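Engineer: Here you go, one structure.
No lab work stands behind these numbers, since they all come straight from the coordinates. Small disclaimer: the values here were computed from a predicted structure and weren't measured.
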Amino acid sequence: MTVLGILIPASLLLGGLGLFGFFYTLRKDQYDDPKGDAERILSGDYDDHPKP
């Protein structure tokens, strides 16, 4: 039973960190252009040479 006393708070802490990270990425507009990505992959303009 003492193991549960360690594992439950640890899992709540890790879940809270994951939730905080998700909301942080939402506030920093990491998911702002999903339609542009969908159109970009279908375009015929390929960049065969990486930018320096």
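Engineer: On full extension of the chain, what length is gained from Thr25 through Leu4, given 0.36 nm per residue of separation minus the C-alpha to C-alpha distance? Walk me through the numbers before you get to the answer.
Structural biologist: Values: separation 21, 0.36 × 21 = 7.56 nm, distance 3.13 nm.
Full extension from Thr25 to Leu4 adds 4.4 nm.
Engineer: Next question. Quick one: grab the alpha carbon gyration tensor of segment 1-40, order the square roots of its eigenvalues as a ≥ b ≥ c, and give me rounded if a/c is under 1.5, else prolate or oblate depending on whether a/b is larger than b/c.
Structural biologist: prolate
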